[in-house]
Amino acid sequence: MNPNEQLIHNFYTAFGKNDIQKMSECYHKNIEFQDPAFGVLNKNEPVAMWKMLLEKGKGNIQIDFFDVKANEKTGSAIWVANYIFSQTGRKVVNKIDAKFEFEDGLIIKHTDNFDIYKWSKQALGLKGFLLGWTNFMKNKIQEGAKKSLKNYIEKQS
């Protein structure tokens, strides 16, 4: 296993143990994160997002990861999150395709891709089934996630 593959393993192992400190140690200070729910996050926002999600999950998020691959510049992994969506109490199993870029031995760019429609059907139920495929609902999900993160960061200050 090369150092960047180990870095990805360290990140997801820490995630599975709810260890935000170890997760944050895998990220470069100029980290850029992107996913369908939160959009683009920078600097302190990605770590705050993970911390918020772990706190909302109350230790009940199960993380599995596999197909970890990396070279000197880029990497990838597949990971699956099993959890209860805090806003609705509904069970979610989300399979995510992660891509990474590295700098100075750390993750500088982390992009998670997943099917937002599949996620919304699980997390939101009928509303997600009926509207989750629309740009309107995708935008509402992202607006809500960003607002939740902004409020969380303000409360931490």
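Quick notes on this one:
- Label point distance in nm, Arg90-Asn30, each placed 7 Å from Cα along Cα→Cβ: 4.0
- Unit charges at the beta carbon, dipole of the chain: most positive-side option, Leu53, Gly132, Gln156: Gly132
- Rounded to the nearest 10 degrees, the angle from helix 45-57 to the longest Cα principal axis of the chain is 60 degrees.
- Using θ = phi - 60° in the Karplus curve 6.51 cos²θ - 1.76 cosθ + 1.60, the 3J(HN,Hα) couplings for region 96-113 round to 10, 9, 9, 10, 9, 10, 10, 8, 6, x, 10, 7, 9, 9, 9, 10, 9, 10 Hz; x is entered for Gly and Pro.
- Those lysines that a straight Cα-Cα span of less than 21 Å connects to Lys58, excepting residues fewer than 8 apart in one chain: Lys17, Lys22, Lys91, Lys95, Lys146, Lys147, Lys150, Lys155
- Considering only the chain, percent of DSSP beta bridges that pair antiparallel, nearest 5: 90
- Helix axis angle, 135-156 relative to the chain longest principal axis, alpha carbon, degrees: 60
- Compared with the direct C-alpha span, the chain from Gln21 to Asp64 gains 13.6 nm at full extension, assuming 0.36 nm per residue.
- Of the GluC sites (Glu not before Pro) in region 16-55, those whose Cβ has at most 15 other Cβ within 10 Å and which sit in DSSP loop: Glu25
- Calculated log₁₀ intensity ratio I(q)/I(0) where the Debye formula runs over C-alpha points of region 3-115, q = 0.13, 0.21 Å⁻¹: -0.44, -1.24
- On the beta carbon distance between Thr74 and Gln142, with R0 = 30 Å, the FRET formula returns roughly 0.75.
- Helix 3-16 axis versus longest C-alpha principal axis of the chain: approximately 40°, rounded to the nearest ten.
- Distance (nanometres) between label positions extended 7 Å along Cα→Cβ at Trp133 and Ile108: 4.0
- The chain - charge dipole about Cα centre, Lys and Arg +1 at Cβ, Asp and Glu -1, debye rounded to 20: 820
Read the figures in this text as sums done on the coordinates, not as results from a lab. Since this is a predicted model, take the numbers as computed values, not measurements. Don't worry about glycine lacking a Cβ; one is built from the backbone with ideal geometry, like all the others, and counts go over all protein chains shown.
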